[in-house]
Every structure is written in structure tokens, then in C-alpha cells.
Amino acid sequence: MDRLEAMKTFVRVVDSNSLSAAARSLPLSLTSVSRQIATLEQQLGTQLLQRTTRSLALTEDGRLFYERARAIIGEIRELEQALGSGRGEPSGCLHVSAPVLMGRSLLAPLLLRFLARHPAVSAELLLVDRPVHLIDENIDLAVRIGALPDSQLIARKLGEVHMIVCAAPAYLDAKGEPQTPDELRDHECLVFAGEAGSSDWHFQSPAGRSNVRVGGRLRANSLDVVVAAAIEGAGIVRAPSWQIAGELAAGRLIRILADYERPPVPVNALFQPARLAPKIRLFVDFVAAQWPQRPSAGEPVK
């Protein structure tokens with residue numbers, strides 16, 4: 001039995017959720033499809049499908065085999081397309097993962113622009129605030145914030161996350177502008193409560209690092225909410241530069257305490273060494289070129 005053809009048949013059965021539907025679409029006889037699945041299970045030494053007269057269900061081993069088989073078939077198809085084109089023109093589905101807020105606000109618009117440039121490419125974007133397993137979850141490229149652990153994955157630096165403290169002109173006119181981080185204790189601060197220790201804002205000066213415990217009447221697990229409140233003059237907010245760049249440029253928010261800002265945190269794109277399809281290489285290059293860069297303390301945020 002051809003192992004690759006049996007793998008394709010198995011994937012088609014799972015996608016169709018029916019042996020008979022898979023047989024019609026291939027096309028093969030129902031007996032041939034059943035025989036391929038049974039032989040595949042025998043060769044692997046494990047049951048992949050639980051069959052009843054009315055339904056099919058993947059076993060735990062079957063689910064793992066399905067995810068890996070689908071990824072392998074996709075990679076073979078992309079390799080054939082790349083070799084056939086002779087130019088490495090990108091095609092196929094691009095599976096991308098990123099943290100929720102960054103993915104929605106920053107990466108998704110870049111992905112749409114990339115798709116507009118390359119009509120043969122499609123995409124699936126998974127936004128989750130957890131590290132994804134690239135192989136198990138069939139991810140071509142994952143965006144990660146912060147220092148990276150040692151791994152066999154390839155990392156390409158895209159840019160940096162730079163946290164900026166700011167407030168609306170109306171708030172600063174009414175309450176005054178804090179000149180040092182310690183003065184934030186006397187102000188209404190809008191806290192993004194997305195993680196433990198979120199009430200501690202971190203700063204750095206020639207004297208060293210410092211943490212300030214801030215407080216206020218509004219806490220939210222959404223940066224969109226606290227930034228919107230800051231624009232309305234409700235208080236001082238600390239947010240990523242790429243999220244508030246437009247508000248700063250328009251003057252709806254004013255950057256404060258720039259001399260005390262912490263160094264930026266790196267943002268990297270991770271991908272598997274085996275996955276070097278044109279779509280991935282071109283997308284990484286495109287995102288790296290478009291990623292907002294950290295401004296100096298005296299410059300407007302871009």
C-alpha cells in the first residue's frame with residue numbers, strides 16, 4: 001500500500017466525516033477506502049477511527065495523526081507548486097498565530113495587505129494569548145513577545161513592543177502633568193488588568209529601575225477600553241506605542257514621562273526550519289519591513 005496515498009485518503013475521510021463521502025470525492029470504491037484505513041491502522045499499530053453505523057470519531061492517536069498528515073500533505077503540495085512555477089511564487093494557505101491584541105490591531109492589517117499582493121495565498125489567523133506548538137497545531141509562523149527560550153525553531157526579529165505613558169490634553173490641563181513616575185500615585189491611572197501585577201508600572205532612569213503601584217477607578221482586561229477612557233480625559237494610561245500612534249499623532253493623547261521609559265521588548269516571528277515555502281519567507285520579510293519601530297524619547301511615535 002502506498003503510505004502517502006493512504007494518508008491522503010485518511011485525511012479526506014476525516015474532512016468528509018464519512019467513508020462513503022470520501023470514497024465519492026476521491027473517487028474510489030467504499031471497499032477500497034475502508035481497506036486503506038484498516039491497513040494504515042495495522043501498519044501504525046493503533047486505532048485511528050472509531051466507527052459506528054452512523055458516525056465516525058477520531059481516537060486520540062487518530063487526531064494526532066490527522067494533524068501531522070494534513071501538514072505533511074500541505075507541505076508536499078506547496079513544494080510541488082514552488083518547483084513547478086520555477087519562480088517560487090507564493091501559494092497555498094498560510095497558518096499564522098499571534099497574541100490577541102497585537103494580532104487584531106497590528107498583524108491582521110498587515111496580513112490583509114500581504115494577501116492583496118499575493119492572490120494565490122490564503123490565510124488562517126489564530127489569535128490566542130498563549131504559546132502555540134507549531135507542529136502539533138499546524139502553524140507556519142507564530143509571533144512571540146519577549147525573550148525566547150532555546151529551541152530548534154528559526155527566529156526572525158520583527159520589531160519591538162514599547163510601552164508609553166500618556167493622557168489626554170484635557171486631563172493634563174485639569175490635573176497637571178506628572179514629572180516623575182512617583183507622582184503617578186497622585187493621579188487617576190487607567191489600568192489594563194490583563195495579567196498579574198498589572199497595577200505595577202515599570203520605569204527606568206539613570207538611577208536604575210523602579211516600579212510604581214498605580215491606582216484609579218477604572219480597571220479593564222481590554223487595552224481598547226482603557227485607551228478609549230484616556231482619550232475621553234478619564235486618566236493616564238500606559239499602552240503599546242503601535243496601539244496609540246494615531247492618537248498621539250492627532251494630539252488626542254500626549255506622551256509623558258518619556259525620559260523614564262523602559263527599554264523595548266523584542267517581537268519575533270518563529271517558524272520551523274523545515275517550512276521554508278515562498279509564502280512564509282515573503283510574509284516574514286513583508287511584516288518585518290512594515291513593523292512599527294520604536295521612537296526616541298523626543299520623537300513622535302510612528
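Evaluate the Debye formula for region 96-226 with equal point scatterers sitting on the alpha carbons, no solvent, and hand back log10 of I(q)/I(0) at q = 0.13, 0.19 Å⁻¹, in q order, two decimals.
Per q value, in the given order, log10 I(q)/I(0) is -0.76, -1.18.
For the chain, find the longest principal axis of its Cα atoms and tell me its angle to the long axis of helix 30-44, 0 to 90°, nearest 10.
The helix 30-44 is inclined about 70 degrees to the chain.
Taking the 0 to 90 degree range and rounding to the nearest ten, how far is the long axis of helix 241-250 tilted relative to the main principal axis of the chain, both from C-alpha atoms?
50 degrees
Run the reach check for residue 157 against aspartates and glutamates, Cα to Cα strictly under 14 Å, same-chain hits fewer than 8 apart removed. What comes back?
Straight-distance partners of residue 157: 285.
Once you place label points 7 Å from the Cα toward the Cβ at residue 262 and residue 39, how far apart are they in nm?
5.9 nm
What's the exposure ranking of 52, 180, going from fewest to most Cβ atoms within 10 Å? Before the final figure, lay out each step's value.
Numbers: 52 7, 180 13.
Lowest to highest Cβ neighbour count: 52, 180.
Rounded to two decimal places and with Rh computed the Kirkwood way over Cα pairs, what is Rg over Rh for the chain?
Numbers: Rg = 25.3 Å, Rh = 22.7 Å.
A ratio of 1.12.
Output the direction-averaged projected area (hull surface divided by four) of the convex hull of the alpha-carbon atoms of region 163-260, in nm². Walk me through the numbers before you get to the answer.
Numbers: hull surface 22.9 nm².
Directional mean of the projected Cα hull area for region 163-260 stands at 5.7 nm².
Once label points are set 7 Å from the Cα along Cα→Cβ at both residue 60 and residue 156, what is their separation, rounded to one decimal in nm?
Distance between the two pseudo-spin positions: 3.7 nm.
Could you give me the ³J(HN,Hα) list for region 109-125, computed from phi with Karplus coefficients 6.51, -1.76, 1.60 and θ = phi - 60°, whole Hz, x at Gly and Pro?
Couplings: x, 5, 5, 5, 5, 5, 5, 5, 7, 10, x, 7, 9, 10, 8, 10, 10 Hz.
For the chain, calculate the relative contact order in percent as a whole number, restricting contacts to Cα pairs under 8 Å that are 6 or more residues apart.
Numbers: 478 pairs, mean separation 60.6, N = 302.
Reported as a whole number, the value is 20 percent.
Could you give the length gained on full extension between residue 73 and residue 136, defined as 0.36 nm per residue of separation minus the Cα-Cα distance, in nm?
Numbers: separation 63, 0.36 × 63 = 22.68 nm, distance 1.46 nm.
Contour length minus Cα-Cα distance gives 21.2 nm.
Just how far, in whole angstrom, is region 52-74 from region 216-252 if you go by their alpha carbon centroids?
So the two Cα centres are separated by 45 Å.
Any idea which of 230, 126, 99 is furthest toward the positive side of the dipole for the chain, if Lys and Arg beta-carbons carry +1 and Asp and Glu beta-carbons -1?
126
Distance in nm between label sites at residue 89 and residue 112, each 7 Å beyond Cα in the beta-carbon direction?
Inter-label distance under the simple model: 2.6 nm.
Taken together, the values in this text are just the output of simple stated rules run on the coordinates, not laboratory data. Source: prediction; values computed, not measured. Quick reminder, even Gly has a Cβ in these numbers, built from the backbone with ideal geometry, and neighbours come from all protein chains shown.
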